[in-house]
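Nothing in this text is a laboratory measurement; each read-out follows from the coordinates by a stated rule. These figures come from a predicted structure and were not determined experimentally. Cβ atoms come from the backbone with ideal geometry, glycine included; neighbour counts cover every protein chain shown.
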Amino acid sequence: MAKYGMDTTVGEILDTPELKAIFEEICPEVLEHPLLEAGRGFTFSQALTYVEDMIDEDKLKQIVARMEAL
């Protein structure tokens with residue numbers, strides 16, 4: 001089972017350099033979202049609702065694959 005994935009919290013993504021780097025490369029605009037810090041307790045899956053206009057299906061597949069590979 002993968003250590004990281006859709007159930008990883010936003011806080012863990014922000015605090016883990018390897019995870020944050022995935023977002024910086026694939027969709028850096030997500031890291032500029034005004035509610036990012038407020039959403040630290042959300043899972044990535046829960047947070048998608050708030051950034052669905054920034055992450056298309058292709059980007060989502062890339063992000064999840066890279067998170068699960070760590």
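Number of residues in segment 39-51 that are of a type outside the set (S, T, N, Q) and under 15 Å from Ala65 (Cα atoms): the value is 1. Being without any contact (Cβ under 8 Å) to a residue 24 or more places away in the chain and part of a helix (DSSP H, G or I) is the filter; apply it to segment 22-33 and report the residue that is farthest from Met67 (Cα to Cα). It comes out as Glu32. Taking (1) surrounded by 16 or more Cβ atoms within 10 Å (Cβ to Cβ); (2) within 10 Å of the chain's Cα centre (by Cα); (3) not β-branched (Val, Ile, Thr) in turn, Ser45 satisfies each apart from (1).
Within the option set Leu36, Leu14, Leu19, being surrounded by 12 or more Cβ atoms within 10 Å (Cβ to Cβ) and either farther than 16 Å from Leu70 by Cβ or more than 11 Å from the chain's Cα centre (by Cα) (or both) holds for one residue only, Leu36. Taking (1) in contact (Cβ under 8 Å) with a residue 24 or more places away in the chain; (2) surrounded by 14 or more Cβ atoms within 10 Å (Cβ to Cβ) in turn, Asp7 satisfies each apart from (2).
Here are some residues: Met54, Met1. Which one is part of a loop (DSSP other than H, G, I, E, B) and touching a residue at least 12 places away in the same chain (Cβ under 8 Å)? Result: Met54 is the single residue among Met54, Met1 that is part of a loop (DSSP other than H, G, I, E, B) and touching a residue at least 12 places away in the same chain (Cβ under 8 Å).
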